[in-house]
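Asks: Below you'll find the structure I mean.
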Amino acid sequence: MLMATMDEFAVPPTPAAMALPRPTTVDLISATYDAHQRELYSFALRSSRDPDRAEDLVQEAFIRLIVEVDADRTPDNLRAWLYRVIANLVVSGGRRATVARRRAGALVEPDVDEGPEPAYLQHEWRSDLEGALAELDVDARTALVMAASGFRGMEIAEAIGRSGNATRTMMCRARLQLRQRLGDIGSPT
């Protein structure tokens with residue numbers, strides 16, 4: 001009994017099937033836009049709760065699609081890909097907004113001269129802080145000052161010659177001690 005292999009049943013491609021014209025970028029984008037724009041806009045509107053932002057998100061998603069198609073990296077499932085791009089843009093926008101809100105106070109410094117009283121209170125607070133820091137161990141004080149200057153935990157640990165865990169524990173205890181000391185002298189922490 002002879003068994004046929006799958007290769008024997010394979011139909012060779014016809015020259016007409018091999019020569020099907022590939023849709024142009026304009027045609028592909030136009031067809032995709034016509035087919036999915038409304039549902040993508042609705043998704044973007046639900047995600048952002050802002051009609052103008054939703055329009056911008058859909059536009060940005062289609063701009064990114066054009067770039068991908070022009071680079072011969074056309075996604076297999078255009079609709080799903082566009083949804084994912086919009087979702088990622090919403091998440092990225094939320095992250096940027098959070099950072100902007102957190103840093104907004106640092107951007108605006110009042111040019112108003114508040115008089116001598118706030119300056120005196122600031123000087124008092126600073127001297128209380130310096131006094132409380134002076135009561136700490138040298139390593140703890142160094143670690144806290146480095147942390148306030150933006151150094152990372154491992155950099156601080158290397159600078160004071162301790163392990164990362166020991167440094168974190170020491171800094172936690174030093175912060176508690178500093179808060180306690182500042183609370184005892186009535187300075188705002």
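Asks: Please enumerate the residues belonging to the stretch 69-94 that are modelled with pLDDT of 90 or more, exposed (fewer than 15 other Cβ atoms within 10 Å of the Cβ) and in a helix (DSSP H, G or I).
Replies: Asp70, Arg79, Ala80, Arg84, Asn88, Val91, Ser92
Asks: Same structure again: In this structure, does Ala87 turn out to be among the small types (Gly, Ala, Ser) and within 30 Å of Thr24 (Cα to Cα)? Give the derivation first.
Replies: Working: among the small types (Gly, Ala, Ser): yes; within 30 Å of Thr24 (Cα to Cα): yes.
Taking the combined requirement at face value, the residue satisfies it.
Asks: Additional query: Determine whether Glu158 is acidic (Asp, Glu) and within 30 Å of Ile185 (Cα to Cα). Steps first, answer last, please.
Replies: Details: acidic (Asp, Glu): yes; within 30 Å of Ile185 (Cα to Cα): no.
Against the criterion (acidic (Asp, Glu) and within 30 Å of Ile185 (Cα to Cα)), Glu158 does not qualify.
Asks: What is the residue count in the stretch 145-189 for residues that are exposed (fewer than 14 other Cβ atoms within 10 Å of the Cβ), out of contact with any Lys or Arg (no Cβ under 7 Å at 6 or more places or on another chain) and either touching a residue at least 24 places away in the same chain (Cβ under 8 Å) or in a loop (DSSP other than H, G, I, E, B) (or both)?
Replies: 9
Asks: Here's a follow-up. What about Leu121, is it under 36 Å from the mean Cα position of the chain (by Cα), surrounded by 10 or more Cβ atoms within 10 Å (Cβ to Cβ) and under 23 Å from Arg175 (Cα atoms)? Working first, answer last.
Replies: Working: under 36 Å from the mean Cα position of the chain (by Cα): no; surrounded by 10 or more Cβ atoms within 10 Å (Cβ to Cβ): yes; under 23 Å from Arg175 (Cα atoms): yes.
Considered against the rule, which asks whether it is under 36 Å from the mean Cα position of the chain (by Cα), surrounded by 10 or more Cβ atoms within 10 Å (Cβ to Cβ) and under 23 Å from Arg175 (Cα atoms), Leu121 comes out as no.
The values are calculated or read from the model by the stated rules, or taken from the named source; none is laboratory data. All values reported here derive from a predicted model rather than from experimental measurement. Quick reminder, even Gly has a Cβ in these numbers, built from the backbone with ideal geometry, and neighbours come from all protein chains shown.
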